[in-house]
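J.: This is the structure I have questions about; it appears just below.
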Amino acid sequence: MIVKPSAEGLAASAQAVSGRGLPPVHLWNPPFCGDIDMRIARDGTWFYQGSPIGRAGLVKLFSGILKREGDRFFLVTPVEKVGITVDDAPFVAVDFDAAGAGAAQTLTFTTHVGDTVPLDADHALRVERDPATGEPAPYIHVRAGLEALIDRKSFYRLVDLCVHERIAGKDWFGLWSSGRFFPMIPSEDLP
């Protein structure tokens, strides 16, 4: 008998393996069971069969069993692996705290599902620019190849903390965090 994967079955499996902290999805390599009609929109809203998942606890549970392999995203349990669609990044960084100043500053981001990550060597900042408009889209690495798109209000706050630094002979506008400079945009590209 072939069982078709469902959100309910995945939630039950995820609940069974969840304890303290995140499940060890990097250790799980179950067989691929097909794609499921689940999508994460650019704004971080999770959809199942076209309807938003309104229960924050369920979204958090699913976010804990999310795994990226190449350009594909999967929900995995010890016994099943299903493909889902992610429009941009699977998470959205909705806020951050800043402690210290200058090179001694540390920024800590919070995602819409409750993850907190410092901006550091393991959780780097990446900025993509739209080729047509030049508009930046900033991301922070959360875990295991999964990123969070930094929301607009947080990005504007970040810009207020940016400074100009010379890196490898080129001036950059960027941020200091955890003793490291994260370039965002070449200084010459600023209006």
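The values are calculated or read from the model by the stated rules, or taken from the named source; none is laboratory data. Computed from a prediction, not measured in an experiment: that's the story for all the values here. Cβ: placed from backbone, ideal geometry, glycine included. Neighbour counts: every protein chain shown. Accessible surface is based on the protein model in full, side chains and every heavy atom, while ligands, DNA and RNA are left aside. Shrake-Rupley method; radii C 1.70, N 1.55, O 1.52, S 1.80 Å.
J.: May I ask you to list the residues in region 73-110 that are charged (D, E, K, R), open to solvent by 60 Å² or more (accessible area, probe 1.4 Å) and over 14 Å from the mean Cα position of the chain (by Cα)?
T.: Residue satisfying the conditions is 97 alone.
J.: Hand me the list of strands (runs of 3 or more DSSP E) wholly inside region 115-191 holding 2 or more residues that are closer than 21 Å to residue 68 by Cβ.
T.: Strands (runs of 3 or more DSSP E) meeting the threshold: 116-118, 125-129, 136-143, 146-150.
J.: Restricting region 52-72 to residues that are assigned to a strand (DSSP E or B) and either open to solvent by less than 40 Å² (accessible area, probe 1.4 Å) or touching a helix residue (DSSP H, G or I) at 6+ places or on another chain (Cβ under 7 Å) (or both), which is nearest to residue 144 (Cα to Cα)?
T.: 67
J.: Report, by residue number, each residue of region 121-177 that is polar (S, T, N, Q) and under 19 Å from the mean Cα position of the chain (by Cα).
T.: Within region 121-177, 154, 177 meet the criteria.
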